[in-house]
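Written below as structure tokens is the structure these notes are about.
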Amino acid sequence: MTDTNAAIAPPETFRAAVWAQFRKHKGAMFGLVVLTLLVVFVVIGPMLWVPEKLKVVEALKSKNLGPSLKFPMGTDQLGRDQLARMMAAGKVSLAVGFVAMMIAIFLGTFVGVLAGYFKRLDGILMRLTDMFLALPLIPLLLVMVMLFRDKIARVLGPEMGAFILIVFAIGVTSWMHAARIVRGEVLALKEREYVLASRSIGASPRRVILRHILPNVVSPVMVAATLGVAEAIITESVLSFLGLGFPPDFPTWGRLLYEGLEYMQLYPERVIFPGLAISLTVLSVNYIGDGLRDALDPRIRGR
Amino acid sequence: MLNYTLRRLLLAIPTLLLISLVIFFLVDLAPGSPASEIPLTVPAEVRMKILEALGVNEPVHVRYLLWLKQFFWVEPLNGFDAIFGTHYADGMQRIISYQSRAPVFGIIGDRIPQTLIVIGSAYFLGVVIALPIGIYSAYRQYSIFDQLGTMFAMIGFSVPTFFTGTLFIIIFAVGLGWFPTKYDTTLDVTDWESFLKQLRQMAMPVMVLGLANAASISRYMRSSMLENMGQDYVRTARAKGMSERTVVLKHVLRNSLIPVVTVIALGIPSIFGGAIITENLFGVNGIGSALIQAIHGNDLPMVQTLAFIFAILIVTFNLVADLLYGMLDPRIRYD
């Protein structure tokens, strides 16, 4: 009977199965390619594209130029190279998206696991989640930025201060969906036999959660995290768009768009490039989230 | 049902109180105070009197309670007086804006029509576009139309309204010159001419917000239709020999609309949040732009009041959505 075993293909690993399903999703593959290109543009781009330092006179002459070979995306009202600025801005935009998402996911998972696992905490934590969902977020974010921008800037400097403040503000106001998803999963998981077995041999709640529950909520959390990146990037650009985001010498795509608005009628490309970059990033991240959801769902993956 | 409604209404009170607490104390931390706006040449005792009259040198919990009283008692009384010509609220201190020294609710009252006209028609347009798209893409699942619809929805989710808005301005206002770039709030609709002008200036903001809303609502409509299409009662209706039109537009559509109606209700408050951007971009003088102006001008009572109004809208429409669901769907019983 040993030789029949050779005929059976080796069992697919979980990762391979997920990847195989993910590759079938055309939109997700498109999103992955576009997002990779954008990350390459933002991370490797500044190493390859170093605009020469202009003297003051030259900078004065090269104000408000259209796209050319020397300045592929033109220059802004101060004679700065738009392409280099787009790369620098993209780095900040993407970093804000990822870091804010991580804060939100960490908070959401924490609250969700506590609420799902400990019955005593469930009621109060879910009321808290509901309250956060009812808060008017954009006005509150604007108020938070206005209130704490100067105070934090004094401690950490304007760039780091703005980054920490905005990332933290977005993270603290967008963990609720992750918390609800995680709580639902945990409620179902904790009734399973293996959790019961683990508890019956005297494992502490901490060990049960870290070893048996958390690894099993990774899939839904990953989908929520992907969509969270898109949301965080949009929220940041909304703040920048309303003039309450990053300082002008430390721009994000949203900030570049906001600066371009003034010159929109004469130089529309200054609005279009950053806007396209934001939209493409969010679109590709959303498609990746869609594909991940399908790929991580065993009911769909089986077919 | 009545029991459930009452319980939910009672539960909404502590939620709203907690939210008002968060909003009031968060905004109250703001660095600017009305004291800094009084010129230094004003003598100290007069300055004290001014601050006293504004009520800003009281401790913060007293101001919070006063604000709550003004919000829930004085302002409604004032509204009552204004409608019926009575004088119950005479002599009571109203919530005063730091910027304009006028009652906050007066300013909001002036501005809310602009918001309602633009935002209301945008939401209406969004629903009107979304429903047929959702119905048809579910009916012809995986057809070209369905795939186009999916792509349209994905793009609608992803492209932020401030970018669609600027693109529209560049294309339709700057390039083609069809619409004005800025919304003229002073325009009075008196005759056909000014009505057309009003339509033209509303076109772009309404399109931008409408398309963004249509994207998500059409998806809900589609998935809800798909869920119902495979049900037994649909097969029964077809087996009885009913026309395809009756089956889809009567049997399936009516049942599929139940969750969609609640989604539409839930979306109404978030519209006001989205309106902040659109109003700012197109210069619509509504409550969204009032909020931004108040934030930039350190006008704390205005910010507190507006943010709390947004919160009340969210809580109210959550409640409305839940109750609607219970009323429309006989399978759901709350008691």
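All of the numbers you see were taken from the coordinates with simple rules; none came from a lab. All of these numbers come straight from a predicted model, not from anything done at the bench. Cβ: placed from backbone, ideal geometry, glycine included. Neighbour counts: every protein chain shown.
I'd like the distance between the alpha-carbon centres of segment B:78-121 and segment A:127-191, rounded to an integer number of Å. Answer, in whole Å: 32.
Note on chain B: semi-axes of the ellipsoid equivalent to its C-alpha gyration tensor, largest first and rounded to whole Å, are 45, 27, 17. Put in order of Cβ neighbour count within 10 Å, fewest first, the listed residues B:137, B:121, A:237 become B:121, B:137, A:237. In this structure, residue B:124 and residue A:188 have a Cβ-Cβ separation that, at R0 = 51 Å, corresponds to a calculated FRET efficiency of about 0.80. In a GNM of chain B with a 10 Å cut-off on Cα contacts, which of B:269, B:113, B:76 has the highest mean-square fluctuation? Result for chain B, Cα springs under 10 Å: B:76 fluctuates most. For the peptides B:290-296, B:9-15, residues were scored by their other Cβ atoms within 10 Å and the scores averaged per peptide; the highest-first order is B:290-296, B:9-15. Peptide B:170-176 shows a mean partner chain C-beta count of 2 within 10 Å per residue C-beta. Relative to the longest principal axis of the Cα atoms of chain A, helix A:119-134 runs at roughly 30 degrees.
Placing dummy labels 7 Å off each Cα toward the beta-carbon, the span from residue B:50 to residue B:82 is 2.7 nm. Each peptide in A:150-157, B:63-70 was scored by the mean count of other Cβ atoms within 10 Å over its residues; highest first, the order is B:63-70, A:150-157.
Gain on full extension, evaluated as 0.36 nm per residue between residue B:185 and residue B:3 minus their Cα-Cα distance, stands at 61.0 nm. Counting other Cβ atoms within 10 Å as a rough exposure proxy, the listed residues B:146, A:81 run B:146, A:81 from fewest neighbours to most. Exposure proxy shown here: for B:115, A:173, B:185, the number of other Cβ atoms within 10 Å sets the order, fewest to most, as B:185, A:173, B:115.
For the options A:21, A:265, A:82, a Gaussian network treatment of chain A with springs between C-alpha atoms closer than 10 Å singles out A:265 as fluctuating the most. Applying 1/(1 + (r/R0)^6) with r as the Cβ-Cβ distance of residue B:231 and residue A:164 and R0 = 51 angstrom yields a FRET efficiency of 0.45. The mean count of C-beta atoms from other chains within 10 Å of the C-beta of residues in B:192-201, rounded to a whole number, is 0. Label point of residue B:243 set 7 angstrom out along Cα-Cβ; within segment B:132-153, amide nitrogens under 19 Å from it belong to B:136, B:139-140. Using DSSP to define loop residues, name the chymotrypsin sites (Phe, Trp or Tyr not before Pro) in segment A:107-170 whose beta-carbon has at most 15 other beta-carbon atoms within 10 Å. Here the chymotrypsin sites (Phe, Trp or Tyr not before Pro) that fit, given the DSSP loop and packing criteria, are A:118.
Stretching the chain fully between residue B:40 and residue B:254 yields a gain of 70.3 nm (0.36 nm per residue, less the alpha carbon separation). For segment B:1-144, the alpha carbon positions stretch 77, 41, 36 Å along the principal axes, listed from largest to smallest. Estimated from helical segments only, the mean residue ellipticity of chain A at 222 nm is -24000 deg cm²/dmol, where each DSSP H run of four or more residues counts as -39500 (n - 2.57).
Relative to the dominant Cα principal axis of chain A, helix A:158-172 is inclined by about 30°.
Most tightly packed first, judged by the mean number of other beta-carbon atoms within 10 Å of their residues, the peptides B:79-87, A:281-289, A:90-98, B:311-319 read A:281-289, A:90-98, B:311-319, B:79-87. Between helix B:44-54 and chain B there is an angle of about 30 degrees, using the helix long axis and the longest principal axis of the Cα atoms.
In peptide A:283-289, what is the residue-averaged number of other protein chain Cβ atoms found within 10 Å of each Cβ? Could the numbers behind the result be given before it?
Values: counts 6, 1, 1, 4, 2, 0, 0.
Mean inter-chain Cβ contacts per residue within 10 Å come to 2.
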